[in-house]
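Input: a single structure, listed below in structure tokens.
The values are calculated or read from the model by the stated rules, or taken from the named source; none is laboratory data. Because the structure is predicted, anything quoted here is derived from the model rather than measured. Quick reminder, even Gly has a Cβ in these numbers, built from the backbone with ideal geometry, and neighbours come from all protein chains shown. Heavy atoms of the whole protein, side chains included, go into the accessibility calculation; ligands, DNA and RNA do not. Shrake-Rupley method; radii C 1.70, N 1.55, O 1.52, S 1.80 Å.
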Amino acid sequence: MIDDRRFWLANNALVVLLHIAGIGLYVTEGLSNPLVQLWAIIVIIHILEIPIAFLALADRPVPWGLTVFATLIFGFTWWVPARRGLYHA
């Protein structure tokens, strides 16, 4: 399962839905909503993952901009499969 590209793409789709829901709730209810607070924590975790993603992908020819952008959006559900060669990055 961990080497199945479809598994990681499904996880990435869920992450995109989470971001859409988080942004929508933030716009309508602000930071007082517990789900928005959870979403904000996840975004902070994604920011903190950027150095880990660079280390994990050091031996692969991935542009730094793609690494930063994809890690901010998807977190480990992007860089783990990219490190395993499941994504052609």
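A compact table of results
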quantity	calculated
Conditions (1) at pLDDT below 95; (2) out of contact with any Lys or Arg (no Cβ under 7 Å at 6 or more places or on another chain); number of the one not met by Glu49	(1)
Test: residue in the range 41-60 that is aromatic (Phe, Trp, Tyr), in a helix (DSSP H, G or I) and in contact with a Leu (Cβ under 8 Å, 6 or more places away or on another chain)	no
Selection count where residues are open to solvent by less than 40 Å² (accessible area, probe 1.4 Å) and either within 18 Å of His19 (Cα to Cα) or assigned to a helix (DSSP H, G or I) (or both), scope the range 69-89	9
In the range 6-49, the residues that are closer than 22 Å to Trp64 by Cα and either among the basic types (Lys, Arg) or open to solvent by 100 Å² or more (accessible area, probe 1.4 Å) (or both)	Leu48
Selection within the range 50-62 - open to solvent by 60 Å² or more (accessible area, probe 1.4 Å) and either within 21 Å of Ala10 (Cα to Cα) or free of Cβ contacts under 8 Å to residues at least 12 places away in the same chain (or both)	Pro51, Leu55, Ala58, Asp59, Pro61
